[in-house]
Amino acid sequence: MAGQFEVPSCDKCRNPAIHHQVYSGRMMCGAHLSDSIRKKFSKAIREQLIIPHGEDITLLVAISGGKDSAVLLERIHDVFGRHRNVTIIGGCVDEGIEGYRPPSLECARKLCEDLGVQFETVSYPELGFKEMDEVVGKLDSLDEKKAPCSYCGVFRRQGINHLAKRVGADFIALGHNLDDMAQTIMMNLQNGDLERTLRLAPHTNFPIDGMAPRIVPLRWIPEQEIHLYAIHKGLPIHHEECPHGEGALRFRHRETIAMMESDVPGTRHGLLRMADDVKALHIKAKGDRPVTPSACIECGEMCSGETCKACEMRAQLS
């Protein structure tokens, strides 16, 4: 029949495919895409989360209500949910963004309820920061212009650290996917910032003193595949993007990485492998991390100078 569209078949089972994995050349149905993600996740979690035999650990999973952190929590619960020595806690930071955070917070809360996972949350005012809607209103009056994401990212990290201390977390799991990692690496390259590249999670082998080590089990999985997996599994996720994110440098790098990946499939994987190789070379040459953090003189959080970025930004906004 003229104009009829033929749905391609999965390479493994001949069922209708939902995804063309261009960098591998594979066509995948929902079940085999899920299987691919489970294998990548399992390999990463084995490498990054090393639990001493017989010890009890608390794992804080940073969740937002979005697709990445939902898949992260679902996978971690599937792997460790029946382990008596592993306590899983979902932690969400409420940045104070009207129309965006409340519905995403409810998605995060519902997922924790569905999985039987303890849910914890903290707001910016509880941390001594202004809510992001108020921050955005103040930015025009500041001499030093920064995108809202610059403030929010710093404050959110403090929120995750606060939750980790509250629950006594031994590890913190973050939902950064392959696209996130490639974008961050490109931003660091653009700024000539080797130190930030060396500080990229995972921190299992070289933890930062005074902080629970970060793990990033989704870092080899592309964003699109995570989104398809979340839909295939029927996870409660919030689909909207932050209304204050427009114009952020990361969004521009997102477009650049997407174009590079389209032209040369595998570009994202290559950037992440390069960053891993740079870290490995530094460790081989130096034997340790380049900067030993110290406690902020204002709040006590770990930082590379006398005062942490969060306290500097809080003072700018006061």
PRO236 vs (1) modelled with pLDDT of 95 or more; (2) exposed (fewer than 13 other Cβ atoms within 10 Å of the Cβ): all pass except (2)
Subset of segment 190-224 (residues that are modelled with pLDDT under 95, within 19 Å of ALA62 (Cα to Cα) and aliphatic (A, V, I, L, M)): LEU200, ALA201, ILE208, MET211, ALA212
Kindly state which strands (runs of 3 or more DSSP E) lie completely within segment 18-108 and contain at least 1 residues that are more than 25 Å from MET132 (Cα to Cα) and touching a Cys at 6+ places or on another chain (Cβ under 7 Å). 26-28
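So for segment 282-293 (the condition being part of a loop (DSSP other than H, G, I, E, B) and touching a strand residue (DSSP E or B) at 6+ places or on another chain (Cβ under 7 Å)), does at least one residue qualify?
Yes, segment 282-293 contains a residue that is part of a loop (DSSP other than H, G, I, E, B) and touching a strand residue (DSSP E or B) at 6+ places or on another chain (Cβ under 7 Å).
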Of all residues making up segment 220-260, the number that are within 22 Å of CYS29 (Cα to Cα) and either touching an Asp or Glu at 6+ places or on another chain (Cβ under 6 Å) or not hydroxyl-bearing (Ser, Thr, Tyr) (or both): 17
Selection status of ARG314, part of a helix (DSSP H, G or I), basic (Lys, Arg) and in contact with a Phe, Trp or Tyr (Cβ under 7 Å, 6 or more places away or on another chain): yes
Is there a residue being surrounded by fewer than 19 Cβ atoms within 10 Å (Cβ to Cβ), more than 17 Å from the chain's Cα centre (by Cα), more than 28 Å from PRO148 (Cα to Cα) and without any contact (Cβ under 8 Å) to a residue 60 or more places away in the chain anywhere in segment 206-221? yes
What pairs come out if I take residues in segment 254-275 that are over 12 Å from TRP220 (Cα atoms) and pair them with residues that are part of a helix (DSSP H, G or I) and among the polar types (S, T, N, Q) whose C-beta lies under 7 Å away, six or more apart or interchain? ARG254/GLN183; ILE257/GLN183; MET260/THR267; GLU261/THR267; ALA275/THR197
Scanning segment 48-73 for residues that are touching a residue at least 12 places away in the same chain (Cβ under 8 Å) and surrounded by fewer than 20 Cβ atoms within 10 Å (Cβ to Cβ), which turns out farthest from the chain's Cα centre (by Cα)? GLY54
Contact list please: Cβ distance under 6 Å, first residue in segment 24-47 and surrounded by 14 or more Cβ atoms within 10 Å (Cβ to Cβ), second residue aromatic (Phe, Trp, Tyr), pairs at least six apart or on different chains. SER34/TYR229; ILE37/TYR229; LYS40/TRP220
Looking across segment 239-282 at residues that are in contact with a helix residue (DSSP H, G or I) (Cβ under 7 Å, 6 or more places away or on another chain) and closer than 30 Å to LYS110 by Cα, the single one that is modelled with the highest pLDDT is ARG254
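Which residue out of THR204, THR197 is of a type in the set (S, T, N, Q) and touching a Pro at 6+ places or on another chain (Cβ under 7 Å)? Before the answer, list the steps.
On the way: THR197 fails: touching a Pro at 6+ places or on another chain (Cβ under 7 Å).
One residue alone meets the criteria, THR204.
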Tell me yes or no: at least one residue of segment 239-253 is among the aromatic types (Phe, Trp, Tyr), in a loop (DSSP other than H, G, I, E, B) and within 29 Å of GLU301 (Cα to Cα). no
Just one of the numbered conditions (1) within 23 Å of SER304 (Cα to Cα); (2) touching a His at 6+ places or on another chain (Cβ under 9 Å); (3) among the aliphatic types (A, V, I, L, M); (4) not in a loop (DSSP other than H, G, I, E, B) is not true of LEU228; which one? (1)
In segment 188-205, how many are surrounded by fewer than 17 Cβ atoms within 10 Å (Cβ to Cβ) and polar (S, T, N, Q)? 4
Search segment 226-241 for residues that are of a type in the set (Lys, Arg) and pair each with any residue that is surrounded by 14 or more Cβ atoms within 10 Å (Cβ to Cβ) when their beta-carbon atoms are under 7 Å apart and the residues are at least 6 apart or on different chains. LYS233/GLU74
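The values are calculated or read from the model by the stated rules, or taken from the named source; none is laboratory data. Bear in mind the structure is a predicted one, so any value in this text is a computation, not a measurement. Note that each Cβ is placed from the backbone with ideal geometry, even for glycine, and that neighbours are counted across all protein chains shown.
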